[in-house]
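Reviewing the structure listed below.
The values are calculated or read from the model by the stated rules, or taken from the named source; none is laboratory data. Keep in mind the model is a prediction, meaning the values are calculated, not measured. With ideal geometry, Cβ positions are generated from the backbone for all residues, glycine too; neighbour counts draw on all protein chains shown. Heavy atoms of the whole protein, side chains included, go into the accessibility calculation; ligands, DNA and RNA do not. Shrake-Rupley method; radii C 1.70, N 1.55, O 1.52, S 1.80 Å.
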Amino acid sequence: MTETIKPQYRQIWQTVQTIPVGKVASYGQIADLAGLPGRARLVGKALGYVPKSGWQGQKVPWYRVINSQGKISLPFGSKGFEQQKQLLQNEQVVVTGCRIKLKNFQWQPSIDELLFKLQF
DNA sequence: GCCCTGACTCTCA
DNA sequence: CTGAGAGCCAGGG
């Protein structure tokens, strides 16, 4: 195996996979849950390195990750942007322009889920 | 080791 | 809510 995948990226991808269908989370939120506080930008970079065909037999829902403003961070009109928008809409998430209604779709991990993570 | 860049975030007006 | 400015961390030249 000549894979040069960094541990931090694996951690980020794994956390992203815990986002429920129909919900979205911010980069900072993922970074924090992944145990990498203050590395929101690293999360964005890590998502860019996600294998196209998935990881560990599972797909990584990178499109469920947006910035704290509730907007898609990809350049408006870019291919990735349109793909993200489309995938989100496929999961009943309302996307207006480049914006998403966080009030209705932002993932809010319950205290139970947080405790569950801490048990590991 | 310095400097610039980036799928970010917080604060303030 | 929106936009501008500053802060932060890691990667690449």
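Which net charge results for the neighbourhood of A:Asn104, defined as the other residues with beta-carbon distances under 13 angstrom from its beta-carbon, given Lys and Arg at +1 and Asp and Glu at -1? Please report the intermediate quantities before stating the final value.
Working: positive: A:Lys23, A:Arg99, A:Lys101, A:Lys103; negative: A:Glu91.
Its environment carries a net charge of +3.
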How many Å² of accessible area per residue for chain A, probe 1.4 Å? 66
Using every pair of alpha-carbon atoms in chain A, split the distances into 5 Å bins beginning at 0 and state the percent of pairs per bin, rounded to integers. 2, 11, 22, 24, 21, 12, 5, 2, 0
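Summarise the accessible area of chain A (1.4 Å probe, protein heavy atoms) by the percent that is carbon and sulfur. Intermediate results must be reported in sequence, preceding the final value.
Values: 4120 of 7890 Å².
The C+S portion of the solvent-accessible surface of chain A is 52 percent.
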With the cut-off at 24 Å, tell me which of the pairs A:Lys52/A:Lys101; A:Lys79/A:Lys103; A:Lys52/A:Lys85; A:Lys71/A:Lys103; A:Lys79/A:Lys117 have Cα atoms farther apart than that. A:Lys52/A:Lys101; A:Lys79/A:Lys103; A:Lys79/A:Lys117
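Any idea what the relative contact order of the stretch A:7-114 is, in percent, if you count C-alpha pairs under 8 Å spaced at least 6 apart? Walk me through the numbers on the way to the answer.
Details: 120 pairs, mean separation 32.6, N = 108.
Reported as a whole number, the value is 30 percent.
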Zone reached by a paramagnetic label modelled 7 Å from A:Lys59 Cα along Cα→Cβ, restricted to the stretch A:19-50 with backbone N below 16 Å, covers A:19-24, A:50
For A:Trp55, residues with placed amide H under 5 Å, excluding near neighbours: A:Val60
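So which trypsin sites (Lys or Arg not before Pro) in the stretch A:38-120 are both in a DSSP loop and have at most 10 other Cβ atoms within 10 Å of their Cβ? Provide the component values of the computation, followed by the final result.
Values: sites: A:Arg39, A:Arg41, A:Lys45, A:Lys52, A:Lys59, A:Arg64, A:Lys71, A:Lys79, A:Lys85, A:Arg99, A:Lys101, A:Lys103, A:Lys117; in loops: A:Arg39, A:Lys52, A:Lys59, A:Lys101.
Passing sites in the stretch A:38-120 are A:Lys52.
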Stretch gain in nm, segment A:Gln17-A:Gln83, where the contour uses 0.36 nm per residue and the Cα spacing is subtracted: 22.0 nm
So what does A:Leu115 come to for accessible area, using a 1.4 Å probe and Å² rounded to 10? 90
